[in-house]
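The values are calculated or read from the model by the stated rules, or taken from the named source; none is laboratory data. Here the structure is a predicted model, which means the values were calculated and not measured. Backbone-built Cβ (ideal geometry, glycine too); neighbour counts: all protein chains shown. We work out accessible area using only protein heavy atoms, side chains counted, and drop any ligands, DNA or RNA first. Shrake-Rupley method; radii C 1.70, N 1.55, O 1.52, S 1.80 Å.
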Amino acid sequence: MSETAVKLTRKDFISSNDVRWCPGCGDYAILAMMQSTLPNLGIPKEKFVFVSGIGCSSRFPYYMNTYGFHSIHGRAPTVATGLKCLNPDLSVWVITGDGDGLSIGGNHLIHILRRNVDVKIILFNNKIYGLTKGQYSPTSEFGLKTKSTPHGSIDYPMNPISIALAAEASFVARTVDTDVKHMGQVFEAAGRHKGTAFVEVLQNCVIFNDGAHAEVSDREKKDDHFLKLEHGKPLIFGKTVNKGIRMNGVQPEVVEFDPANPPQDLIAHDQHATGVSYADMLARFALPNFPVAFGVLRSVNRPTYDELLQQQIEASVKLGRGDLKKLIHSGDVWEIK
C-alpha cells in the first residue's frame, strides 16, 4: 500500500446520490464511518474501488465517491479478485451481507479468503434477508419465525468469523454498527492489512429483525456482554471491569475478581497467533456463558495471491514468446479416427 501526501476528508468520499435505506437502518452508520476512515489510510481517492453483490448493503458503491461495481448476487469476491490481480495498486473493498456473502456467494467468499487476495471484505450481518422483505438467512437464529419460516427456523446459524478462520483468513475482525469509534478503528486496521481482511459488522435491520444484536448494543447490557479485544492485554469485561477469562485445562472460563486486584492467569489477547484455534475460540464465545468478542481476532502475514500471480507472470515473460502449436502437441497425444 503506497503512502501519499494528499490530504482527504470525509466529504471527498460522499457521492451526490441520495442515500436510500430505511430510516434508522444501521447501514447509515457504517457508510458514514467508512467515509470518515478512508482519509486516514493515505491512499489517493482514485485508487479506491468498492464492489458489491445484491442486497440492502450492496447499494454501498452508489454512496461512495469512488470507483465501484454493483455486481452479481454473491459474486463480488470474484469481481474483486480479477480487479485486484489486474490492477495491483488499487485498494479494493467488497461490501456484502449475510445472505449475499454466506448463502448465494458462500463458495466465492471461502476461496477469496483462502487465497489471501489483497482485498478488504465488510460483511453486514443483520441475520435476515432485508431487501426481499424478511426471509431467514444463513445467520438467523434457530427458531426465528420469518415469512419463509412461519413455524421457526430449523437451520442452525453460521458463524461468519469461524467460516473465515476455517478458510485461513489472514485478518479477521468483528464490530457493531452502534459503536462507531470501534468500527472506525477496525476499518482502519483492515485497510492497512496486506491480504484479505474480513470484517463482520453486526448491523441492525429496524424493519425485519429489529433488536437482533440488542444484547451487545443496548447501553444497559453492553458492558456485561461486550468483550473488547486489545492485543497484549488480558480479556477483561463487565460493567465494573470485574470479569475476565482464563483457561481451565483446555476450556475457557469466566472468573469474577476485585478490579483492584485482577488475577494474573487471565488470557492475554494475541491477535498474531499463528494458528486459528485461539481466534476460533474467541469467535465462538456466545451469550449467556461468555461475552461476545469484538475487535481484531486474527492478523497474520503471508504472501498474497495477487503478488504470487504477478511473480509467475513475470517469470513466464522472461521465458520468451511461446509456441501454441508446440504446446498443443506436447506430452501424450493421440488421434481419433
- With r as the distance between the Cβ atoms of I336 and S277 and R0 = 45 Å, compute the FRET efficiency 1/(1 + (r/R0)^6) and round to 0.05. 0.30
- Message: Just to confirm, what accessible area per residue do you get for the stretch 16-82 at 1.4 Å probe, in whole Å²?
- Response: 40
- Note on the structure: Under a 1.4 Å probe, counting only protein heavy atoms, S162 has an accessible area in Å², nearest 10, of 10
- Among GluC sites (Glu not before Pro) in the stretch 202-258, those in a DSSP loop whose Cβ has at most 11 other Cβ atoms within 10 Å are E220
- Task: Output the pairs from K145/K221; K84/K127; K7/K239; K45/K145; K7/K222 with a Cα-Cα distance over 32 Å in this structure; if there are none, say none.
- Result: K7/K239; K45/K145; K7/K222
- Query: Under a GNM of the chain (C-alpha, springs under 10 Å), which listed residue has the highest mean-square fluctuation: A293, A214, A173?
  - Reply: A214
- Item | Top of D258, D179, D155 by mean-square fluctuation, Gaussian network on the chain, Cα under 10 Å | D258
- Note on the structure: Residue by residue through the stretch 165-179, the couplings from Karplus 6.51 cos²θ - 1.76 cosθ + 1.60 with θ = phi - 60°, in Hz, x for Gly and Pro, are 5, 4, 8, 6, 4, 7, 9, 9, 8, 9, 8, 9, 5, 8, 10
- Message: Which of rounded, prolate or oblate describes the stretch 176-309 when judged by the alpha-carbon gyration tensor and an a/c cut-off of 1.5?
- Response: oblate
- Message: Can you tell me, using C-alpha contacts under 8 Å and at least 6 residues apart, the relative contact order of the chain as a whole percent?
- Response: 15
- Item | Of all DSSP beta bridges in the chain, antiparallel share, percent nearest 5 | 35
- Task: Rounded, prolate or oblate: pick one for the chain, where a ≥ b ≥ c are the square roots of the eigenvalues of its C-alpha gyration tensor, a/c under 1.5 means rounded, and failing that, prolate if a/b is larger than b/c, else oblate.
- Result: prolate
- Message: In whole percent, and with a 1.4 Å probe on the protein chains, what portion of the accessible area of the stretch 144-226 is carbon and sulfur?
- Response: 52
- Query: Nearest 10 degrees, 0 to 90: what angle lies between the long axis of helix 76-86 and the longest principal axis of the chain (Cα atoms)?
  - Reply: 50
- Message: How much length would be gained if the chain were fully extended between Y62 and L327, taking 0.36 nm per residue of separation minus their Cα-Cα distance, in nm to one decimal?
- Response: 90.8 nm
- Relative to the longest principal axis of the C-alpha atoms of the chain, give the angle of the C-alpha long axis of helix 180-192, reported between 0 and 90° and rounded to the nearest 10°. 30
- Task: Among G130, V117, S148, pick out the residue whose Cα is farthest towards the positive end of the charge dipole of the stretch 86-149, where Lys and Arg carry +1 and Asp and Glu carry -1 on C-beta, about the Cα centre.
- Result: S148
- Item | DSSP bridge orientation in the stretch 1-121 - percent antiparallel, rounded to nearest 5 | 10
- Query: So which residue, out of N248, N289, N209, gets the largest mean-square fluctuation from a GNM of the chain using Cα contacts under 10 Å as springs?
  - Reply: N248
- Rel. contact order, % - alpha carbon contacts under 8 angstrom, at least six apart, the stretch 180-337: 19
- Query: Rounded to the nearest 500, what is the chain's calculated 222 nm mean residue ellipticity when only DSSP H runs of at least 4 contribute -39500 (n - 2.57) each, over all residues?
  - Reply: -7000 deg cm²/dmol
- Item | Estimated inter-spin distance, D258 and F142, nm [label 7 Å along Cα→Cβ] | 4.1
- Note on the structure: Heads up, the stretch 1-114 by the C-alpha gyration tensor (a ≥ b ≥ c square roots of eigenvalues; a/c under 1.5 rounded, else a/b over b/c prolate, else oblate) looks oblate
- Kindly provide the trypsin sites (Lys or Arg not before Pro) of the stretch 120-204 that DSSP labels as loop, not H, G, I, E or B, and whose Cβ sees at most 14 other Cβ atoms within 10 Å. K133, K145, K147
